[in-house]
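The values are calculated or read from the model by the stated rules, or taken from the named source; none is laboratory data. For clarity, every value in this text was computed on a predicted model and none was experimentally measured. Counting neighbours? That spans all protein chains shown, and the Cβs are built from the backbone with ideal geometry, glycine included. Keep in mind that these areas ignore ligands, DNA and RNA; they rest on the heavy atoms of the full protein, side chains included. Shrake-Rupley method; radii C 1.70, N 1.55, O 1.52, S 1.80 Å.
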Amino acid sequence: WHQDHPYILLSESAISVWITLTDVTPEMGPLKFVPMSHQEQFHPVVIRNKSMGNCDSYRNKSSKHRYIELKEGNDLDHAFEQKAVQLPMKAGDALFFHSHLVHRSGANVSDRSRWVFVARYGDMLDQEMVARGWTTTQGASPELLKNLYPHRVTVSKEQK
């Protein structure tokens, strides 16, 4: 489970668009989300990366989910699962959602690949974004996240 905001740091009003390029059946692990979970700030997170030492040098953009996780994820998993809605989609369907919406993809237990296109949009006139020169975490730098939200981010060099 995650929220997109800590990973991308666009504006507070940012949205993600999940567009299916193939049918995504229940067996293919469609997106699951927790309705109404976007109404609060993002959940506190832990930046965790023992093997890389300095988190600032961790540049593999595709590995963000390996080092940013919900701080209380284990405690929240059951509650999220109970409230979650799974959304099978047809090719070409698009789901627009707020960057604070708690969501995840399900496990793909089929023999088919799940192809999706994800686009993210933020308010480029958002005062916080303007003040930081429109810098985001698209470059996989957790330092920006830690500096912007010190009360919501814990850094740990230990792995689970």
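Between R112 and Q39, the modelled label-to-label distance comes to 3.6 nm, taking each label 7 Å out from Cα in the direction of the beta carbon. In this structure, the amide hydrogen of T154, modeled 1.01 Å from its nitrogen in the peptide plane, lies closer than 5 angstrom to those of V45, V46, I47, counting only residues at least 5 positions away or on a different chain.
Taking θ as phi - 60° and the Karplus parameters 6.51, -1.76 and 1.60, the scalar couplings of the range 86-97 work out to 9, 10, x, 9, 8, 3, x, 5, 10, 10, 9, 8 Hz in sequence order, x denoting glycine and proline. Modelled spin labels at N147 and S105, positioned 7 Å past Cα toward Cβ, are 3.1 nm from each other.
Near D126, no amide H atom lies under 5 Å from its own; only residues 5 or more places off or on other chains count, and H is placed 1.01 Å from N. Setting aside same-chain residues fewer than 8 positions from K83, which aspartates and glutamates have a Cα under 18 Å from its Cα? Cross-link targets: E40, E72, D75. Using heavy atoms of the protein chains and a probe of 1.4 Å, the accessible area assigned to T25 is about 40 Å².
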